[in-house]
Amino acid sequence: MKTEPLIDSAFLEKLERLAIRWQKSFPGLVGGHNISHFAGSGQEFLDHRQFHHGDDLRAVNWRAYLRLEKLFLKMFQVEPRIPVRILLDCSNSMTTGVISKFDYARKLAAALCYVGLVRLDTICIQPFGRELGDSFLCGGGRHRFIPAVKFLEQLKPSGVTSYFQIARDFISTYPQRGLLIIISDFLDDAGCERPLQYLADFGHELILVQVWADEDRAPGWDGLLDLTDAETGEKLEVGFDDAARANYTQAFDAHARDIQRVGLRNSGRYVGLSTATTIEEAVFGPLTRAGGLE
């Protein structure tokens, strides 16, 4: 049986016009507003990408144009680059929803990874649950994208989430400050706001991407229900009606606002995404409007 690709080639072509955007200034590092697309002293040629309106004509490979009658932009590596790390939630709570939050998060991570690789960023994909999993580091151009996709496709959700443990492990594992994109449902019984603040206090710039299924925010259930926690297995019996649903949605929105405040008060960004939103809409809509991409 043929499986659906994590991300299709037509969408990848649209992503080539984008770049991951920084807000903060990291001393001694190049990135964000300082992206360079053309040759200069100390730069090493690495790759080409398609030319888009607004690109610098000085970076066009005119020899390739004479042969192929297409415009390609020469891309050069500038060192050192700001490290971009994608923390991807692989806990069991991400498996819930008619549209799997886990599959949605993987597709979004793949899209962001491709945007970074085209712009010659160094990308680290770091799965997590209770602890940090094995990571995948890639850089040097789009030719590293296929191995990144294979890595994402092989990930399996399991276990519970512990943001306190993740924050401690991440700070000790990655001492160099950089841009940290966290893709998660941010569901942790112990809370996630303080651990996220620790990451910001350490000097990382945060882009917080909260992913939820529509039934996470507004469950359509009625009556007496036996609920089982997807991560802990704990069982709970509740009565659900319109009033309970309204209270639940209010509590969910308050939780989302708490996460948003952590991002915004630390010069970061926050994006909330329902899995009903297509990945393309998410990238060119909320993520771009929030300033995560440009």
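Restricting attention to the stretch 269-285, the residues being touching a helix residue (DSSP H, G or I) at 6+ places or on another chain (Cβ under 7 Å) and surrounded by 14 or more Cβ atoms within 10 Å (Cβ to Cβ) number 11. If the condition is being more than 29 Å from ILE279 (Cβ to Cβ) and either outside the structural domain of ASN92 (by TED's automatic domain parsing) or of a type in the set (D, E, K, R) (or both), then the stretch 192-214 contributes ARG194, ASP201. For first residues located in the stretch 179-191 and in contact (Cβ under 8 Å) with a residue 24 or more places away in the chain and assigned by TED's automatic domain parsing to the domain that holds PHE102, partners that are of a type in the set (Gly, Ala, Ser) and surrounded by 22 or more Cβ atoms within 10 Å (Cβ to Cβ) and lie 6+ apart or on another chain with Cβ distances below 7 Å form the pairs ILE183/ALA105; ILE183/ALA109; ASP185/SER93; LEU187/SER93. Within the span defined as the stretch 160-170, every residue fails to be within 16 Å of VAL84 (Cα to Cα), in a loop (DSSP other than H, G, I, E, B) and either polar (S, T, N, Q) or touching a residue at least 40 places away in the same chain (Cβ under 8 Å) (or both). Considering only residues in the stretch 137-161 that are surrounded by fewer than 21 Cβ atoms within 10 Å (Cβ to Cβ) and more than 24 Å from ARG17 (Cα to Cα), the one that is modelled with the lowest pLDDT turns out to be GLY159. Given the condition in the same structural domain as LEU273 (by TED's automatic domain parsing), in contact with a Ser or Thr (Cβ under 8 Å, 6 or more places away or on another chain) and in a strand (DSSP E or B), answer yes or no: does some residue in the stretch 93-108 qualify? No.
So, of the residues in the stretch 205-222 that are crowded, with 17+ Cβ neighbours inside 10 Å and acidic (Asp, Glu), which turns out to be nearest to the chain's Cα centre (by Cα)? Ranking the candidates gives GLU205 first. Residue under question is ASP189, and the condition is that it be at pLDDT below 90 and exposed (fewer than 14 other Cβ atoms within 10 Å of the Cβ); does it hold? Yes, satisfied. Close contacts from the stretch 243-261, counting a first residue that is under 14 Å from ALA218 (Cβ atoms) and a second that is modelled with pLDDT of 90 or more, with Cβ to Cβ under 7 Å and a gap of 6+ residues or different chains, come to ALA256/GLN210; ALA256/GLY272.
The values are calculated or read from the model by the stated rules, or taken from the named source; none is laboratory data. Fair warning: this is a prediction, and the values are worked out from it, not measured in the lab. Ideal geometry is used to build each Cβ from the backbone, glycine not excepted, and the neighbour counts take in all protein chains shown.
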